[in-house]
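Engineer: This is the structure, below, for whatever I ask next.
The values are calculated or read from the model by the stated rules, or taken from the named source; none is laboratory data. Please read these numbers as outputs of a predicted model, since none were measured by experiment. Cβ: placed from backbone, ideal geometry, glycine included. Neighbour counts: every protein chain shown.
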Amino acid sequence: MPRLMAVLSTVGTAAMLWVGGNIVIHGLDVTQLWAWPYKTIKYVATELANALPAAQGLVQWLVTAALDGVFGLILGVILIPFATRVVGPAIAAIWPGKST
């Protein structure tokens with residue numbers, strides 16, 4: 001059972017990074033704030049998929065998911081210090097009894 005929980009933890013973390021990165025990238029493109037990440041990932045995924053026509057859809061999805069996950073990881077690494085040093089203390093100042 002501990003091995004299963006370790007696998008689920010790893011898969012769950014990867015899924016959160018992938019989905020979170022995808023949501024942010026898609027949102028930046030749709031709102032026209034910054035389309036470069038979306039267009040770049042789409043271009044790279046399409047070019048790599050065209051190199052393997054037998055598995056075009058699979059390759060495009062895998063590349064897109066992997067790059068979305070990398071984006072999510074980078075964004076998380078950038079935002080963690082902000083959340084712990086700014087947001088956490090602000091919440092503690094507003095609600096002194098709450099732990100952050």
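Engineer: Residue by residue through the stretch 21-44, note down the ones that are in a helix (DSSP H, G or I) and out of contact with any helix residue (DSSP H, G or I) (no Cβ under 9 Å at 6 or more places or on another chain). Full working, then the answer.
Structural biologist: Taking the stretch 21-44 and keeping what is in a helix (DSSP H, G or I), we get 21-30, 36-44.
Passing the criteria: G27, Y43.
Engineer: Residues being within 19 Å of N22 (Cβ to Cβ) and in contact with a helix residue (DSSP H, G or I) (Cβ under 8 Å, 6 or more places away or on another chain): count how many of those fall in the stretch 67-100.
Structural biologist: We begin by selecting, within the stretch 67-100, every residue within 19 Å of N22 (Cβ to Cβ); these are 67-79.
Restricting the remaining residues to those that are in contact with a helix residue (DSSP H, G or I) (Cβ under 8 Å, 6 or more places away or on another chain) gives 67-73, 75-76.
The qualifying residues number 9.
Engineer: A follow-up question, please. Run L52 past the list (1) surrounded by 13 or more Cβ atoms within 10 Å (Cβ to Cβ); (2) over 21 Å from the mean Cα position of the chain (by Cα); (3) at pLDDT 95 or above and report the number of the one that doesn't hold.
Structural biologist: Of (1) surrounded by 13 or more Cβ atoms within 10 Å (Cβ to Cβ); (2) over 21 Å from the mean Cα position of the chain (by Cα); (3) at pLDDT 95 or above, only one is false for L52: (1).
Engineer: I've got another one for you. Would you confirm, using the coordinates I've provided, whether W18 is in contact with a helix residue (DSSP H, G or I) (Cβ under 7 Å, 6 or more places away or on another chain) and in a loop (DSSP other than H, G, I, E, B)?
Structural biologist: no
Engineer: From the list L33, L75, pick out the single residue that is among the aliphatic types (A, V, I, L, M) and surrounded by 11 or more Cβ atoms within 10 Å (Cβ to Cβ).
Structural biologist: Step by step, each of L33, L75 is checked, and only L75 is among the aliphatic types (A, V, I, L, M) and surrounded by 11 or more Cβ atoms within 10 Å (Cβ to Cβ).
Engineer: Same structure, new question: If V87 satisfies every condition in (1) of a type in the set (A, V, I, L, M, F, W, C); (2) surrounded by 11 or more Cβ atoms within 10 Å (Cβ to Cβ); (3) assigned to a loop (DSSP other than H, G, I, E, B) but one, which is the exception?
Structural biologist: Of the numbered conditions (1) of a type in the set (A, V, I, L, M, F, W, C); (2) surrounded by 11 or more Cβ atoms within 10 Å (Cβ to Cβ); (3) assigned to a loop (DSSP other than H, G, I, E, B), the odd one out for V87 is (3).
Engineer: OK, next. Could you run through the stretch 20-58 and say how many residues are among the acidic types (D, E) and either over 18 Å from L75 (Cβ atoms) or touching a residue at least 60 places away in the same chain (Cβ under 8 Å) (or both)?
Structural biologist: 1
Engineer: All but one of (1) under 12 Å from the mean Cα position of the chain (by Cα); (2) exposed (fewer than 14 other Cβ atoms within 10 Å of the Cβ) hold for W18; which doesn't?
Structural biologist: (2)
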